[in-house]
Structures are given as structure tokens and as C-alpha cells.
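Here is the structure we will look at.
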Amino acid sequence: MDNIVKGKSIEELKDICVSLRKKIIETVSKNGGHLSSNVGAVELIVAMHYVFDAKKDPFIFDVSHQSYAHKLLTDRWDSFSTLREFNGLSGYTKPSESEYDFFIAGHSSTSISLALGAAKAIKLKNEQKHRVPIALIGDGSMTAGMAYEALNELGDIKLPVIIILNDNKMSIAKPIGAISKFLSHAIAGDFFQKVKKKTEHVLKYLPDGATYMAKKFEESLKLITPGMLFEELGIDYIGPVDGHNVEDLIRAYELAKNLNKPVIIHTQTLKGKGYEIAEGYEENWHGVGPFDIDSGKSLKNSDGKKSATSVYSDALSKLAKEHENVVGVTAAMPTGTGLCRLMNEHPTRFWDVAIAEQHAVTSMSAMAKEGFKPFITIYSTFLQRAYDQVIHDACIMNLNVVFALDRAGIVGEDGETHQGVFDISYLSAIPNMTLFAPRDEKSMYRAVEYAYKHKGPCSLRYPRGSFKDCGDAEDIPFELGRAQLLKKGASNKLIIGYGNGVGKALEIAKILKKDGIDCAVLDLRFVKPIDKDMLESLSHSYDEWYVISDSAKIGGVGSIITCLKNDFSWNSVKVVSFEYEDSFIKHGNTKLVEEDLEILPEQIAKKIITRG
Ligand SMILES: Cc1ncc(C[n+]2csc(CCOP(=O)(O)OP(=O)(O)O)c2C)c(N)n1
């Protein structure tokens, strides 16, 4: 592929930016995606392709949700219409999709570590003259500990790595923490502005509006600029640079390239730039579904059902009003997790701690030690990052901590990096941990009530979007380790549902009934501790058990039941699990993904019939 930006004039580059923005807005308005992050990063990426070479320099996009312009500049213009579709382009970077994508990403704050790793490899391979890694990271992603672990080493070993900090003063929501305040405060400060003016005429060769903290000014400026933090860490600082001015960006990038050291270029951008409705601090334009470009109105057809997230948020709000010791935390997802409501209602008891899942778990563990009841509300996929804290700080101490896992199961268009399928496997192995799940809206209230009473660490999981319909199944309180038999059957078949799998189990039972097969249906409710007595008694009437749960098969519900069955020698019972097989699940519309995995209710019913 020819690099279409190399050698172009500034005016031509500006035109390229216009057409990239247009294409991004048009495509996202149809397919959904990360609108405001992408239009905000267009110039940063065009300048990257102008100064560096994506064929040899590792281009590393943090989270990579802002990489659309890079995709469009690297052979994917024509296929861009398939963005986030099943079998189409991913919404994130993906080396299997393009040789220009150095790495996958989806979880935040990995870019500086990746860049440093690449820099070590480049050095060992003696390729430093021709290659330099570039990490593009947002101010939101700079709130996570991992970024500082990498900076810590980078400042010490001083390999050439270029970090482009895209500071739009937004994470998904408002950025949290001292560091983001420091970045903006220092730049806006009066004193800084005065010194900057003085410095500018000395450093005329630098980009307009930018100030390179050259050595001789270093000491005087250190105390008042955001460069302070980075320079103290041993990383050169260039900035602030207008992140929508390609010319300034090119000059800053070239300067950084020539330094041959670790450098951070602090750029300032406007999230949503170029699509007026989304510009600025509009959290709801971070990730969007299809929308009308003129009005900005969503085109998504609502099924009229409440999302599991908002039911959880309602239930927790009720609980928090009743009990003063209820507290809670989200890691940079106040709206996504529904905790924003709690943060408004009880601003002293609910916190957004930024992209800091590990810190969220450990700090809430200490609150539990002090007698509070924390609801740690995190997406299933993001709790992976805090696995050690779950074991080391919550479970060994056997603390009264609740893990509320949102987006458990297949999440759709975000794909591999975001699927919430591993939590049962990774949590069930931990001593003291109790795992349970609501099946529908009504049982979510019961689950949240139960979580409050439970002694020791526990976790409840619920899906993205709304629960599957469970009809008028009796609404009973959760009781530790107790399942609920929803329906007896005349055949030898028992369908065991867990969480959102219960609605699906009922649907499968309905389909099979039409074929003359009358199955029993069990809502397992607890996967740990599991209802041994109920399962033992059911083994006398039903010897074919089918497990339905939105979770990985290995270590999932079926495997827990199989272990139990073997322990208790119910050898006549056959257990078949329809959980996810041992491979990463692709992105795309959830129904299409499930169809591909052959786990739609009709497909499962067919398989059960075929087994006889
Ligand atoms: C470990 C982890 N936690 C949470 C998220 C969800 N998330 C995706 S993007 C984002 C905000 C990133 O903000 P920033 O880096 O400033 O990028 P911007 O979209 O503002 O350009 C968050 C919290 C994530 N991707 N990874």
C-alpha cells in the first residue's frame, strides 16, 4: 500500500482529515461505534502516518477504540462499511486484520508497556536507526496504574519511545483524579501562560502554540507545567500542542523522532471534533449505536425492556436508601454500570475511581474491613484486570464484598477483548467466593437484597442489554446454595439454566414441547455453592442434563456440575453443556455470533432432539 499522506502539502493533509472525518461519521451513524474518540483523533493519526512509517514503526493505539482513521489510511477504506459487523472489520486494532496493526487492544493502558517491549526488541535486533515505537494514549487511559508501571521503567532505561498523549479532558465520562486535574490546571494557570509567552519567542523554530521544554528552561518551568511529572520520571516532554493542527503536530513528532529518547508529546484535542453535536464533554457520544447525522437522534429500536444494568441500578438505589453502610465503586464506567445514579443520590458513598479496577477492589476491601458493604460494579471483562486483588485482598480476608459483574456473556460488536465469558471460570476457583445470578428483572431485586445479607465475598452476574423473558416463574428470595425448579418434565431431560441462561432454557423447553418432548427446567441460581441436594434428587427422574449459561465451557457451569456428578457417582446422568467452546468469540451482532456458534435456542433444541 502507498502511504497516501507522505509527501502531501499541509493543505492536502487538511483535506484528507476532512474526508476521514466524513467517512467515520457516515459509517458510525450506520454501524455504531466510538464516534467522538475517533473524530477527535484524526489529525493526530494523519500526522503519525506522515512522520512515521506504519510498515516498520509499531503504531500502538491504547484501547484502540480511536484507531478508525488509521484503519482508513491503511488499506481498509473500502471495507470500512463493514466496521463492527459480523465477519467485518473490528472496531479495534487487530493484527489478523491488517499488517499495519501492531497489536490488539480493547482494555486500556497497555500501550506504553507494548511500546517499551517493542523498543527493547528493536534494540536487541539492532534496528534502532530505522524503527521507533509510537504509543497513542488518551488522558483517560493515563489514569490506570499500568501506564505508570511502564513509565517507571521507561524513564529508567531511556529507550526511544514516543508517547502521544491525547488530552481531551475526557475519559468516557469526566476523567477522575489528581493527574488529570494536574494536566489541565497547569496549562491553564496564569503563571504558566506568562512564562510560555516569554519562552515562545526564544523557541521560534517550534510549532505554533507549542513549547518544548528545552534543557536550559527546564528547571524554571518544571514547577509549573505538566512536564514536571514526566521530566522527573526521565521522559522528555513536548507540549502542549494543538492536536487539531496537523502542521504543529508534524513538527512536534519530527522533533520527538530526532531526540532518540523517550518523549511524551502532550496534545490537546476536542472529543467529537468536527461533528458539532458530539463536540466537547458529551459522554453519550463516546460509544453510540446507529444515529441520524442531521439530528443526532438514535435510530436504535428499543425493545421497550429495561436493561439489566438499569434494573441493577434501581435495585441498588433502593438498597442504599435502606442501609447506610452500602457503598460502591465503578472504574471509569459510571453510566455503563448505572452507578452514576447512585453517585448522584449518595455522593459520599459511591465513587468513580477512574480506570483502576485493581485499586477499586482493594480500596473497597478495606471499606468492608471497616464494616461497610461495598458493591464493586465492574464489567465481567474488566474485572479480569483485578484478579489478584479479588483473591489477595477480598477473598483471603473473607470480606463482605459484592462483585456485581455487568456485561456478562457475549457483548456483541466489541468482540474478543470485551466478551464477558470467563468470570465463572476465574472466580469459581477462589475459596470463600460465592457465585449466583439473577435470571430476570424481578430476581435482580432479590439478588441485590441477598448480596447485602451474604457473609463473605460474593459475585452476581448479568447480561448486556435486557434479560431474556422468564414468563411468570415464581419470584422467591435467594437462599444460599439453593436452586429453583421452574418446571417438571415428563421426559428424562432436564435443562439447567444459570442467570440469563434461564430464559433461554425456558425457550428451548418450549420448542421441544412442540416436538413432544417435555423437559424439566431448573434455575440453578447458585453455581457456588451449588445445590447438591436438588441435583441429587433430580438425578432420579432425569438422566440427561443440558446446561445453558453465557459462560466459557472450561471452568463454567457445566464443568462444575460434572465435577459434582463425578464426586457423587451419579453415573447414569449425562451432562451436556452449551456454554462457549475454547476459542475467543468474534465481534458482531449477538444473534449472528450465537448462530455461528450454533447456540441459538432453535439450534440447541435441534441438537437435543438429534441426541434422541
Ligand atoms: C481496563 C479497562 N477498563 C475500562 C475500559 C473502558 N473504557 C474504554 S475507553 C475508556 C476511556 C478512555 O479514555 P481516553 O483514554 O481519554 O480516550 P478518549 O476516548 O477520551 O479518547 C474506558 C474507561 C477499558 N477499555 N479498559
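Things worth noting here:
- Legend: ranking of residues 445, 387, 253 from fewest to most surrounding C-beta atoms inside 10 Å; resulting order 387, 445, 253.
- Using all pairs of distinct alpha-carbon atoms, the Kirkwood hydrodynamic radius of region 308-461 works out to 15.0 angstrom.
- C-alpha long axis of helix 10-31 to longest principal axis of the chain, angle in °: 10
- Between 0 and 90°, nearest 10: helix 178-188 axis offset from the chain longest Cα axis: 30
- Database remark: amide H of residue 466 closer than 5 angstrom to the amide H of 308 (H placed geometrically; neighbours at sequence offset of 5 or more, or on other chains; Pro and chain starts carry no H).
- Each Lys and Arg contributes +1 and each Asp and Glu -1, all at the Cβ; summed about the Cα centre of the chain, the dipole is approximately 360 debye.
- The modelled label-to-label distance between residue 82 and residue 518, using points 7 Å beyond Cα along the C-beta direction, is 4.9 nm.
- Projecting label points 7 angstrom from Cα along Cα→Cβ for residue 294 and residue 397 puts them 5.8 nm apart.
- Theoretical gain in end-to-end length, residue 449 to residue 568 [0.36 nm per residue, Cα-Cα removed]: 39.6 nm
- For region 441-525, the equivalent ellipsoid derived from the alpha-carbon gyration tensor has semi-axes of 26, 14, 10 Å in decreasing order.
- Euclidean distance between Cα centres, region 370-399 to region 520-591, Å: 25
- When DSSP beta bridges are restricted to pairs lying wholly in the chain, around 15% turn out antiparallel.
- Angle in degrees between helix 441-453 and the longest Cα principal axis of the chain, rounded to the nearest 10: 80
- Only helices enter this figure: runs of n ≥ 4 DSSP H residues, each worth -39500 (n - 2.57), summed and divided by the residues of the chain, yield -11500 deg cm²/dmol at 222 nm to the nearest 500.
- Most simply put, region 484-611 has about 20% antiparallel DSSP beta bridges, counting only bridges with both residues inside it.
- Distance between region 286-329 and region 66-105 - C-alpha centres, whole angstrom: 29
- Cα pair distances of the chain binned at 20 Å [whole percent]: 19, 48, 27, 6, 0
- Model label zone, residue 302; criterion: amide N under 20 Å from point 7 Å along Cα-to-beta-carbon; scope region 342-383: 342
- Peptides ranked, highest mean first, by Cβ atoms within 10 Å: ranges 47-55, 472-480, 140-148: 140-148, 47-55, 472-480
- Cβ-derived FRET efficiency at R0 30 Å, residue 282 paired with residue 3, nearest 0.05: 0.35
- Net lengthening on full extension, residue 18/residue 370 (0.36 nm per residue, minus Cα-Cα): 121.2 nm
- 3J(HN,Hα) couplings calculated from phi for region 487-494 with the Karplus curve 6.51 cos²θ - 1.76 cosθ + 1.60 (θ = phi - 60°) are, in sequence order, 7, 7, x, 8, 8, 8, 9, 10 Hz; Gly and Pro show x.
- Length gained when the stretch residue 607-residue 429 is fully extended (0.36 nm per residue, less Cα-Cα span): 61.1 nm
- Treating r as the C-beta distance of residue 532 and residue 126 and R0 as 45 Å, the FRET efficiency rounds to 0.15.
- Prolate/oblate/rounded call for region 509-612, Cα gyration tensor, a/c under 1.5 rounded: oblate
- Set of region 573-592 residues, backbone N closer than 19 Å to the point 7 Å along the Cα-Cβ line of residue 510: 591-592
- Residue 257-residue 158 FRET efficiency (beta carbon distance; Förster radius 25 Å; 0.05 resolution): 0.95
Laboratory data are not the source of any read-out in this text; all were calculated from the coordinates shown. It should be emphasised that the depicted structure is a prediction, and the values quoted were computed from it without experimental measurement. Note that each Cβ is placed from the backbone with ideal geometry, even for glycine, and that neighbours are counted across all protein chains shown.
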